[in-house]
């Protein structure tokens, strides 16, 4: 009878975990030093730069910002640097930070209180873009664009630029927006290409710079994939592992990542799917315990959500 190795695996896992503890520096009794903002600081504008001293042995830092007297956490983030810029509304806040590695963490610093005061000067203030996320692929340009408000801004200017090499051409522009979002209908952005959307805030005396993100319009379906292996009616046994491979040759204007879905059936019409898998590797492996003739096909879905046609049907035989 074959003995189970579960106990051995558990011992090895615990040993490896303890090794990590040994290799990591114990920073439990160390302290982080706050640089800015110090307790009682007043910041004018809509962005606060939080800074603290680096700690040897810390891989990351847990940063928390609390609103008011500290009861409500509005930011809890693990970052790998000692500086963080954060867009924030006028008000009273507290913040703290601690160092962390795989096995240990320091105590939090004492909470430091600071205030943010609205400023009419927008020059150095920032706009946090919310959606769509940067480098998003879409197959329909009818979508909503949104960003965070600046309390002292009167209006916003929104623009979409089409990118071609190093040049950018404006295809849509709207000024005087009082809301922090805009919905673009179909027909405004039409050609498959890379685009930039950008926003700036203005008031009667100043303006921010433009803040921008990229998106890609891709309306073309993925190409029909080419099946490589197994070859037609290639023969295997029930103990063999069958390796499947396929490839896509994308000639579209925008070439987003294509994920392939393989379907395997003992029915040539695929009325019943015996096995399926979806991945972006272009390969898949499996054994087959039942002797039969099997059929397989692949179709692609790209990052924009377009789905292509199935490939030609391949076949193989398991004896």
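Could you say which residue among 293, 313, 278, 287 is surrounded by fewer than 19 Cβ atoms within 10 Å (Cβ to Cβ) and more than 18 Å from residue 234 (Cα to Cα)?
Numbers: 293 fails: more than 18 Å from residue 234 (Cα to Cα); 313 fails: more than 18 Å from residue 234 (Cα to Cα); 287 fails: more than 18 Å from residue 234 (Cα to Cα).
Residue meeting the stated conditions: 278.
Is there a residue being part of a loop (DSSP other than H, G, I, E, B) and within 30 Å of residue 162 (Cβ to Cβ) anywhere in the stretch 283-300?
No.
Go through the stretch 42-53 and give me each residue that's more than 27 Å from the chain's Cα centre (by Cα) and loosely packed, with under 14 Cβ neighbours inside 10 Å.
Scanning the stretch 42-53 gives 42, 53.
Among the residues of the stretch 204-223, which ones are in a loop (DSSP other than H, G, I, E, B) and touching a strand residue (DSSP E or B) at 6+ places or on another chain (Cβ under 8 Å)? Step through it out loud before you land on a result.
Step one: list which residues in the stretch 204-223 are in a loop (DSSP other than H, G, I, E, B), which gives 204-206, 208-210, 218-223.
The answer is 208, 209, 210, 218, 221, 222, 223.
Within the stretch 120-165, which residues are closer than 29 Å to residue 307 by Cα and either over 18 Å from the mean Cα position of the chain (by Cα) or modelled with pLDDT under 95 (or both)?
Listed by number, the residues that qualify are 139, 140, 141, 142, 143, 144, 160, 161, 162, 163, 164, 165.
Conditions (1) modelled with pLDDT under 95; (2) part of a strand (DSSP E or B), marked per residue:
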site	(1), (2)
51	no, yes
76	no, yes
89	yes, no
97	no, yes
107	no, no
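Run down 313, 259, 276 and say which single residue is closer than 25 Å to residue 136 by Cα and at pLDDT 95 or above.
259
Based on this model, can you work out whether residue 124 counts as part of a strand (DSSP E or B) and either outside the structural domain of residue 145 (by TED's automatic domain parsing) or closer than 30 Å to residue 202 by Cα (or both)? I'd like the intermediate steps shown before the answer.
Details: part of a strand (DSSP E or B): no; either outside the structural domain of residue 145 (by TED's automatic domain parsing) or closer than 30 Å to residue 202 by Cα (or both): yes.
Answer is no for this residue.
Given 193, 201, which one is within 23 Å of the chain's Cα centre (by Cα) and in contact (Cβ under 8 Å) with a residue 12 or more places away in the chain?
Matching residue, one of 193, 201: 193.
For residue 228, work out the one condition from (1) free of Cβ contacts under 8 Å to residues at least 24 places away in the same chain; (2) surrounded by 13 or more Cβ atoms within 10 Å (Cβ to Cβ); (3) within 29 Å of residue 132 (Cα to Cα) it doesn't fulfil.
(3)
Can we say residue 172 is without any contact (Cβ under 8 Å) to a residue 24 or more places away in the chain, buried (at least 16 other Cβ atoms within 10 Å of the Cβ) and in the same structural domain as residue 134 (by TED's automatic domain parsing)?
yes
The values are calculated or read from the model by the stated rules, or taken from the named source; none is laboratory data. Quick caveat: nothing in here was measured; it's all calculated off a predicted structure. No Cβ is skipped: glycine too gets one built from the backbone with ideal geometry, and neighbour counts run over all protein chains shown.
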